[in-house]
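Structure record follows, encoded as structure tokens.
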Amino acid sequence: MATNNNDGRRYIPYGERTGNESIVYFTRDLSPQGIAKVYDRVKAHITGKVAIKLHTGEPHGPNIIPAAWVKEFMAQELPDGTIIETNTYYEGDRYTTEQHRKTLEVNGWTDFTTVDITDEFGTTMLPVQGGKWFTEMSVGKSLPDYDSLLVLTHFKGHTMGGFGGSNKNIGIGCADGRIGKGMIHGNQNGPWGVVEEELMEKISESTKSVIDYFGQHVAYVNVLRNMSVSCDCEGVAAQPVVTPNVGILASVDILAADQASVDMIAAMSEEHHHDLIERIQSRHGYRQLSYMKELGMGNDRYILIDVDHDDRRITAADAVEGVVPFVG
């Protein structure tokens, strides 16, 4: 097997990484209060009109961040924030805006907020700086109406991307349902022709268009809970969860946030991480991380701060010490 950084099958150990370090905050408190605890450390530049990018899930999806958690978190921290979404590229229960709104209702989001489906009334283009696949990306028309972006992500596996972290939440989740997602997924081999390294790179370039637009007014929170190898887009058909719950982390560096999440999975025992690691490797998902670094989107080296224990510095292995198998 090749060992270069372009090989999305290869996990790059921390000792082989170079460059600066970013700060990542971590709590084991899987609750609305836990989200607020780490968000409080990264919210300095979340100002003005705030968009909260969530994966709100397919009908009755069992593994999404619970709507009740988000309701409580928003009431405490972002009462004027707006959850944003886009319609899907695949046909299903979120393919059209009408279908999507019914699904939002089923999953409890409309009980406490109005979700902005940003491509409901069209699309707009954002520039992609330094990409090799795109010079611009099509996103929901209303996305640029916001001043700041909080990326609140359920970290898990993904059928095509290997894993779904903040990068996937933005790269696929902010691209509009027809043009943008089609640009990412399609090629001469058909509408779902892009796989492996090319897909990871296209997702990352799409993400870059969005985070470049928001500049310093963006923060990332990854929730490592109910981590099936399946994406939340699979809903009730998702594979069973076998990976232990870990906690919640946050950073203003997207690469550091996703890299720390992956490092925590890697630090688990073989028994605990086998399925999720296999999913990442088989889809060449590590290329998300190395390509984000090549694009200058962040650092893959970081200082991990345990907010539960007087802000002591810990490792990914410390974070997952004592985790137990998931019990649904």
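Below is a table of values for the structure above.
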quantity: Members of the range 74-89 found to be farther than 18 Å from Val139 by Cβ and either in a loop (DSSP other than H, G, I, E, B) or in contact with a strand residue (DSSP E or B) (Cβ under 8 Å, 6 or more places away or on another chain) (or both), listed by number; calculated: Met74, Leu78, Pro79, Asp80, Gly81
quantity: Lone qualifier among Leu289, Leu304 - being assigned to a helix (DSSP H, G or I) and hydrophobic (A, V, I, L, M, F, W, C); calculated: Leu289
quantity: Candidate set from the range 186-199 (those that are assigned to a helix (DSSP H, G or I) and of a type outside the set (A, V, I, L, M, F, W, C)); member that is farthest from Lys293 (Cα to Cα); calculated: Glu196
quantity: Residue satisfying all of: in the range 40-81; surrounded by 15 or more Cβ atoms within 10 Å (Cβ to Cβ) and small (Gly, Ala, Ser); farthest from Thr113 (Cα to Cα) among these; calculated: Gly61
quantity: Residues of the range 82-130 that turn out to be crowded, with 16+ Cβ neighbours inside 10 Å, out of contact with any Pro (no Cβ under 7 Å at 6 or more places or on another chain) and under 30 Å from Lys293 (Cβ atoms), as a count; calculated: 11
quantity: Qualifying strands (runs of 3 or more DSSP E) (wholly inside the range 99-176; at least 3 residues being touching a strand residue (DSSP E or B) at 6+ places or on another chain (Cβ under 8 Å)); calculated: 123-127, 136-140, 148-154, 156-158
quantity: Selection from the range 256-278 of residues that are under 21 Å from Lys37 (Cα atoms) and free of Cβ contacts under 8 Å to residues at least 60 places away in the same chain; calculated: Gln259, Met264
quantity: Residue match in the range 313-320 (condition: without any contact (Cβ under 8 Å) to a residue 40 or more places away in the chain, in a helix (DSSP H, G or I), hydrophobic (A, V, I, L, M, F, W, C) and exposed (fewer than 15 other Cβ atoms within 10 Å of the Cβ)); calculated: no
quantity: Number of the condition not met by Lys202 [criteria: (1) closer than 20 Å to Gly298 by Cα; (2) in a loop (DSSP other than H, G, I, E, B); (3) out of contact with any Leu (no Cβ under 9 Å at 6 or more places or on another chain)]; calculated: (2)
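Each reported figure results from applying straightforward, stated rules to the coordinates on display, with no laboratory input. Please read these numbers as outputs of a predicted model, since none were measured by experiment. With ideal geometry, Cβ positions are generated from the backbone for all residues, glycine too; neighbour counts draw on all protein chains shown.
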